[in-house]
Amino acid sequence: MDKFIINGGKKLNGKVKAGGAKNATLALIPATLLASGTSKLFNTPELNDVYTMLKLVRHLGVQADFNDGTIELDTAGVSVLEAPYEHVKKMRASVYVLGPLLARHGYAKVSLPGGCAWGPRPINLHIEGLKKLGANIDLVDGYIIATAKRLQGNRINFDIPSVGATGNLLMAAVLAKGETILNNAAMEPEITNLAMMLNEMGAKIEGIETPILHIQGVDMLKPADVHTIPDRIEAGTLLVAGAITGGTVTVEGINPLHLYSVIAKLEESGVSVTYNGDSATVNAAGVTPEAINVTTGPFPGYPTDMQAQWIAYMSVAEGVSTVTDTIYRDRFTHVPELARLGAMIEVKDNSAVIKGGNKLSGAKVMSTDLRASASLVLGGLAAHGRTEVLRIYHLDRGYQRLEEKLKQLGAEIERVPGSEY
Ligand code: EPU
């Protein structure tokens with residue numbers, strides 16, 4: 001298991017480019033299952049989660065080649081309609097194959113994903129939505145078995161604007177007979193990327209970027225070539241790296257509007273952020289950041305995937321702040337590890353209260369999940385002395401060679417391939 005060794009306390013300065021969005025790619029790959037033939041996805045990040053999704057679709061019979069950020073997927077030979085536990089347990093997003101397999105082939109058997117590192121993450125909205133489209137669904141031996149001759153359009157109201165349920169139901173509804181309305185749909189940019197891809201494939205989706213999606217089902221879709229949007233969470237993490245170290249960092253190749261809630265919070269904390277076109281620059285030189293409260297919410301609210309990074313930042317800010325996660329109420333496994341670096345944080349219910357203004361100092365810390373790992377790296381960059389971040393395979397699921405990007409900005413960080421647990 002690889003680890004990072006960070007010699008912290010260095011201001012980060014310079015320019016770096018963000019990659020393609022993990023959570024968009026994880027929806028775009030299954031979307032190709034809706035048509036027969038070859039689709040190309042450009043600007044794809046080289047991430048472990050992407051490789052996991054490719055392994056799954058290859059298991060279904062897709063021929064997939066991944067070169068230089070482009071994935072070519074030929075779906076003509078899809079013959080297996082089952083996503084086994086071995087794949088799904090590695091990555092919950094595997095459940096995205098449910099909607100497209102069912103819509104195109106009339107059958108899908110997909111393992112139930114179970115819990116995750118920070119608590120329950122149900123998929124009831126995916127299942128209830130598919131039932132509304134006329135699917136028969138049985139839960140047998142830990143598997144969802146879904147069948148339907150042809151899905152029928154219907155009105156579906158989500159109690160929560162779930163990203164995954166919106167994605168899965170969109171992919172199912174595009175081939176259903178008649179009209180489907182998804183009300184209170186997720187508006188995350190990754191969903192917009194997916195909906196635009198589906199329209200490129202011949203789907204008829206209206207209301208993209210709004211919470212009400214109207215879908216007119218079509219009989220057939222064709223393959224499409226599509227660009228993956230930039231990764232707003234990677235970009236946000238790099239901006240916070242600039243802010244937490246008191247440096248000046250420009251992140252290029254992004255859509256700053258996808259990051260507006262994070263940029264606004266950074267500005268409130270006292271650092272300056274300028275952005276235009278496809279880049280954003282945080283300038284924190286000489287600034288002592290102030291404590292700023294954050295509450296996560298569905299897009300365009302503050303993303304839960306930037307919650308852990310904000311807690312790391314608030315550990316060095318002046319004053320007391322509260323960070324509340326309304327999306328994942330238990331997503332705080334980074335807190336005890338940040339405490340090892342000297343952060344003073346108390347978690348109560350779904351809020352963390354951070355007493356800032358502490359000098360962090362290096363220590364050994366353990367990654368527990370993807371975004372938790374990112375917060376530990378940020379803590380290590382701000383801390384004086386040597387920090388070891390263990391088990392960075394979690395980080396590698398969602399950040400493409402993060403250490404290279406941080407080095408480019410002047411960080412002293414090394415990946416040590418090794419065996420320490
Ligand atoms: N929810 C339900 N029932 C459902 C589905 C969701 O109650 O059927 C609840 C969840 O428990 C959660 C809320 O709805 O409280 C939102 O969950 P959502 O379905 O939106 O999350 P997801 O689709 O499972 C995606 C991202 C996550 C990100 C969340 C929230 C992908 C592959 N994953 O997950 O990304 O945190 O949306 O924005 O797109 C990450 O990248 O680190 C990550 C975890």
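Annotations
- Here MET187, MET196, MET171 are screened, and the one residue that is buried (at least 24 other Cβ atoms within 10 Å of the Cβ) and out of contact with any Cys (no Cβ under 6 Å at 6 or more places or on another chain) is MET171.
A quick yes/no check of all residues on (1) within 15 Å of the ligand (Cβ to nearest atom); (2) closer than 25 Å to MET91 by Cβ; (3) in contact with a Ser or Thr (Cβ under 9 Å, 6 or more places away or on another chain); (4) of a type in the set (D, E, K, R):
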| residue | (1), (2), (3), (4) |
| --- | --- |
| TYR313 | no, no, yes, no |
| ASP330 | yes, yes, no, yes |
| HIS334 | yes, yes, yes, no |
| LYS348 | no, no, no, yes |
| LYS364 | no, no, yes, yes |
| ASP369 | yes, yes, yes, yes |
| LYS405 | no, yes, no, yes |
| GLU412 | no, no, no, yes |
| GLY418 | no, yes, no, no |
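- Lone unmet requirement of (1) within 16 Å of the ligand (Cβ to nearest atom); (2) within 22 Å of the chain's Cα centre (by Cα); (3) not aromatic (Phe, Trp, Tyr) for LEU338: (1)
- Boolean, ILE181 is over 30 Å from GLU403 (Cα atoms) and away from the ligand (no atom under 16 Å from the Cβ): yes
- Residues within the range 137-174 that are of a type in the set (Val, Ile, Thr) and within 16 Å of the ligand (Cβ to nearest atom), tallied: 6
- Annotation note: Cβ proximity below 9 Å between a residue of the range 112-125 that is basic (Lys, Arg) and part of a loop (DSSP other than H, G, I, E, B) and a residue that is more than 8 Å from the ligand (Cβ to nearest atom) and modelled with pLDDT under 90 (sequence gap 6+ or interchain) occurs for ARG121/PRO113; ARG121/GLY114; ARG121/GLY115.
- Pairs meeting the criteria (first residue in the range 71-99 and free of Cβ contacts under 8 Å to residues at least 24 places away in the same chain, second residue away from the ligand (no atom under 16 Å from the Cβ) and in a helix (DSSP H, G or I), beta carbons under 8 Å, at least 6 apart or on different chains) are SER79/LEU60; VAL80/HIS59; VAL80/LEU60.
- Restricting attention to the range 63-100, the residues being within 22 Å of PRO113 (Cα to Cα) and in a loop (DSSP other than H, G, I, E, B) number 6.
- In the range 286-307, the residues that are without any contact (Cβ under 8 Å) to a residue 40 or more places away in the chain and more than 10 Å from the ligand (Cβ to nearest atom) reach residues that are among the hydrophobic types (A, V, I, L, M, F, W, C) and not in a loop (DSSP other than H, G, I, E, B) with C-beta atoms within less than 6 angstrom, at least six apart or across chains, in these pairs: VAL294/TRP310; VAL294/VAL323.
- Which listed residue, of SER315, SER272, is over 22 Å from the mean Cα position of the chain (by Cα) and crowded, with 20+ Cβ neighbours inside 10 Å: SER315
- Among the residues of the range 392-421, the ones that are of a type in the set (A, V, I, L, M) and either touching a Pro at 6+ places or on another chain (Cβ under 8 Å) or part of a helix (DSSP H, G or I) (or both) come to 3 in all.
- Within the range 192-224, considering residues that are hydrophobic (A, V, I, L, M, F, W, C), in a loop (DSSP other than H, G, I, E, B) and more than 15 Å from LEU33 (Cβ to Cβ), the one farthest from the chain's Cα centre (by Cα): VAL218
- Scan of the range 105-164 for residues that are of a type in the set (Asp, Glu) and within 18 Å of GLU86 (Cα to Cα), ordered by number: ASP141
- Pick from the range 98-129, criterion modelled with pLDDT of 85 or more and among the charged types (D, E, K, R), ranking: farthest from the ligand (Cβ to nearest atom): ARG104
The values are calculated or read from the model by the stated rules, or taken from the named source; none is laboratory data. These numbers were taken from a predicted model, which means no experiment stands behind them. So basically every Cβ, Gly included, is an ideal-geometry build from the backbone, and we count neighbours across all protein chains shown.
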